[in-house]
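A quick write-up on the structure given underneath.
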Amino acid sequence: MSDLSDIGQPSDPQKENSCYVLRLFITGASVNSLRAVTNIKKICDTYIKDNYSLEIIDVYQEKTIAEKEQIIALPLLIKSFPLPEKRLIGDMSDTQKVLKGIGITL
Amino acid sequence: MSTKRSKSHLPSLPKALTGIKGLDEITQGGLPQGRPTLICGAAGSGKTLFSMEFLVHGALDFNEPGVFMSFEERTEELTINVASLGFDLAQLQADKLIKLDHVHIDRSEIEETGEYDLDGLFIRLGYAIDSIGAKRVVLDTIENLFSGLDNQAILRAELRRLFGWLKDKGVTTVITGEKGDGTLTRQGLEEYVSDCVILLDHRVSNKISTRILRIVKYRGSVHGTNEYPFLIDEEGISVLPITSLTLSHDVSTERIPSGIPALDNMLGGEGFYRGSSILISGTAGTGKTSVAGSFANETCLRGERCVYFAFEESPQQIIRNMNSVGMDLQSHVDKGLLRFHASRPTLNGLEMHLLVVHKLVKEFRPSVVVLDPITNLVTVGSASEVKSLLIRLIDFLQEEQITVMFTALSFKEVISEQTDETVSSIVDTWLLIRDIEFNGERNRGLHVMKSRGMKHSNQVREFVISDSGLDLVDVFLGPEGVLTGSAREAQQLLEKTGIALRDHAVTRKDREIERKRSVLEAKIASLNEEFESLQDELNKTYIEEELRKEILEKNRQEITRNRDPRK
């Protein structure tokens, strides 16, 4: 994973700021959702500051997206870039797993 | 659609009709409405098809749209798979009657990073239900979630919540589950779904498969508890409640001819009772099929329908063979009165055969059913199974007032009091055709072993098959016993000779009399002649005398005139 992100960076130098494309799907203001938002923001700001784009989507507001994105478990974080696409579910409290999932090497 | 079976005035459990043939009868109205039902079974037992039928019938027949959430097959695959049953899922989706949703879950793509829930699934399902106003939901096989997600504790809690949520939504749900070791489902779904559990099974015994359905539980409702065989064919699933047996069917006093007038004569002159069961048994080549064919022919000639189940010969073969004895079955087939169903007994399990008979009878509505022969069914089941099958079959047919004729092959030379299928006790009429070996030839003798409720002949008749059809001939009871075949013919010839001789003797005597008469008459004539000549002779002298007298008189007058000179 880490190799891939290394390759990704030089191949796209202009888009350095949006290198990590992340989308977080949540359900309104549920406990898990709030926790996930806090946790992912913290992780991103700590490890890939200014090098990511994070979109937070409330599935309640956009119900059709659940089928389109094959959503089952929530909260769900989809890392669509760099490849491969990776899906992380849960409240993002396990930082090690989140980092591994997004493909950040320390 | 809810059907409230109001046996009592108390409110009963509302049910949703499945539209699956037979299942609604077993469950007395369908699945519990607004509650989840678990359908479990091994791979290939028909779970997906079952749930799809439930959904499609709901959408088309009962105005209840449905959501099919598949955790296994993709929507395109599903669409193709059920197209063979005539279900156009694409059209149904376009009409907003069915919504298919394929849930793809891939473990390798997912990392679990803490607490989560299945809200995504809830939202997705909720949205699908609301978008078409669904009343029915299928979750096919939700257990796949367990292979995609690790946290069992969360999953189980969420499933419990899901089923509760579905109940709250008031949708009738079918959940499928793969059968596990010693449990109904691998993940113990039966824990969560406790209202209705239906088990599908696919059994193979003797290399022959039978599909079985059983209602394991159905809370708040009476239901059939037996194992019901079911059939999957081009019309989908049909379950038949064929073990509900009562001996309370109506009986008919109407009689129907057998197609062999002489046989009707043996049966009190009128033939069989309508709705009765007839067994024809006999050794190989005794003409059992011909009797059956003739019965079918007669039925069709009356304009009634007949279904002929052939377990040994193909329809063409039977038609050809019957043609040789002067019966044109093909014309009945063309007219749609006669239908053949030919299959090897080994094609299906016994129950399947019964199902096929059932289905065809329901569909074709014949008045006569012929099964030829039942003997081969033993190859796919034990004798007791065959008997139980035939009892159920007879019961079913009698309930429908259908006359049924079985043929059975007896293997033993000495005809025992029982046929090999031991069905003789349950049939109404039992005809036995046996070989009579005598005088260097084999002939067929037919007799009525039993015939309930009618006068019947106690005689053995010779059963003759000729170009013009079947007939029964009175056997000859000679000093050497029953004579058949050429011995009978010889006896007949002998009698004919006797008659001729007697006739001859009689004519000779007649001629003698005639001769005597003519002799006497000749004598009478000659005497007459004699008399006449004598009379002539006598007359002659008399006339001569007269003449002489006359002449003398003349002469005398002449003389007198000559003497008289005044003249």
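The values are calculated or read from the model by the stated rules, or taken from the named source; none is laboratory data. The structure displayed is predicted, hence computed values, not measured ones. Please note: Cβ atoms are built from the backbone with ideal geometry, for glycine as well, and neighbour counts cover all protein chains shown.
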Query raised in the report: Looking at residue B:117, is it within 26 Å of residue A:62 (Cβ to Cβ), within 14 Å of chain A (Cβ to nearest Cβ), touching a Ser or Thr at 6+ places or on another chain (Cβ under 9 Å) and not polar (S, T, N, Q)?
Result: yes
Report summary line: Note: among B:211, B:136, B:203, B:186, just one is surrounded by 16 or more Cβ atoms within 10 Å (Cβ to Cβ) and within 26 Å of residue B:358 (Cβ to Cβ), namely B:211
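Per-residue answers, yes or no, for (1) under 19 Å from residue B:261 (Cα atoms); (2) touching a residue at least 60 places away in the same chain (Cβ under 8 Å); (3) not charged (D, E, K, R):
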| site | (1), (2), (3) |
| --- | --- |
| B:304 | yes, yes, no |
| B:329 | yes, no, yes |
| B:335 | no, no, no |
| B:356 | no, yes, yes |
Query raised in the report: Any idea how many residues of the range B:69-102 are in contact (Cβ under 8 Å) with a residue 40 or more places away in the chain and either of a type in the set (A, V, I, L, M) or within 13 Å of chain A (Cβ to nearest Cβ) (or both)?
Result: 5
Requested in this report: For the range A:67-94, name all the residues that are touching a residue at least 24 places away in the same chain (Cβ under 8 Å) and among the small types (Gly, Ala, Ser).
Outcome: A:80, A:90, A:93
Query raised in the report: Out of the residues in the range A:36-87 that are in contact with a strand residue (DSSP E or B) (Cβ under 6 Å, 6 or more places away or on another chain) and of a type in the set (Phe, Trp, Tyr), which is farthest from the other protein chains (Cβ to nearest Cβ)?
Result: A:52
Report summary line: Flagged in the range A:88-99 as at the interface with chain B (Cβ under 7 Å from one of its Cβ atoms), surrounded by fewer than 18 Cβ atoms within 10 Å (Cβ to Cβ) and assigned to a helix (DSSP H, G or I), in numbering order, are A:97
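Does the range B:120-166 hold any residues that are basic (Lys, Arg) and within 12 Å of chain A (Cβ to nearest Cβ), and which are they? Quick ask: steps written out before the conclusion?
First, the residues of the range B:120-166 that are basic (Lys, Arg): B:124, B:135-136, B:156, B:160-161.
B:124 - this is the single residue of the range B:120-166 that is basic (Lys, Arg) and within 12 Å of chain A (Cβ to nearest Cβ).
May I ask you to verify whether residue B:467 is of a type in the set (D, E, K, R) and in the same structural domain as residue B:292 (by TED's automatic domain parsing)?
yes
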Requested in this report: Hey, can you tell me all the residues within the range B:104-114 that are facing chain A (nearest Cβ under 7 Å) and in contact (Cβ under 8 Å) with a residue 40 or more places away in the chain?
Outcome: B:105
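If you check B:201, B:264, which single one turns out to be out of contact with any Leu (no Cβ under 8 Å at 6 or more places or on another chain), outside any loop (DSSP other than H, G, I, E, B) and at pLDDT 80 or above? Working first, answer last.
Values: B:201 fails: out of contact with any Leu (no Cβ under 8 Å at 6 or more places or on another chain).
That would be B:264, the only listed residue that is out of contact with any Leu (no Cβ under 8 Å at 6 or more places or on another chain), outside any loop (DSSP other than H, G, I, E, B) and at pLDDT 80 or above.
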Query - Scan of the range B:439-449 for residues that are surrounded by 18 or more Cβ atoms within 10 Å (Cβ to Cβ) and over 16 Å from residue B:262 (Cα atoms), ordered by number - result: B:443
Report summary line: Checked B:217, B:169, B:179, B:207 against criteria (on the phi > 0 side of the Ramachandran plot and either touching a Leu at 6+ places or on another chain (Cβ under 7 Å) or not hydroxyl-bearing (Ser, Thr, Tyr) (or both)); the one match is B:207
Query - Qualifying residue in the range B:318-334 (condition: modelled with pLDDT of 90 or more, assigned to a strand (DSSP E or B) and out of contact with any Gly (no Cβ under 6 Å at 6 or more places or on another chain)) - result: no
**Report entry** helices (runs of 4 or more DSSP H) within the range B:80-159 that include 1 or more residues over 50 Å from the mean Cα position of the chain (by Cα)
**Finding:** B:119-132, B:144-148
Requested in this report: State all residues of the range B:45-74 that are surrounded by fewer than 16 Cβ atoms within 10 Å (Cβ to Cβ) and in contact with a strand residue (DSSP E or B) (Cβ under 6 Å, 6 or more places away or on another chain); if no residue qualifies, say none.
Outcome: B:74
Query raised in the report: If residue B:168 passes every condition in (1) loosely packed, with under 15 Cβ neighbours inside 10 Å; (2) in contact (Cβ under 8 Å) with a residue 40 or more places away in the chain but one, which one does it miss?
Result: (2)
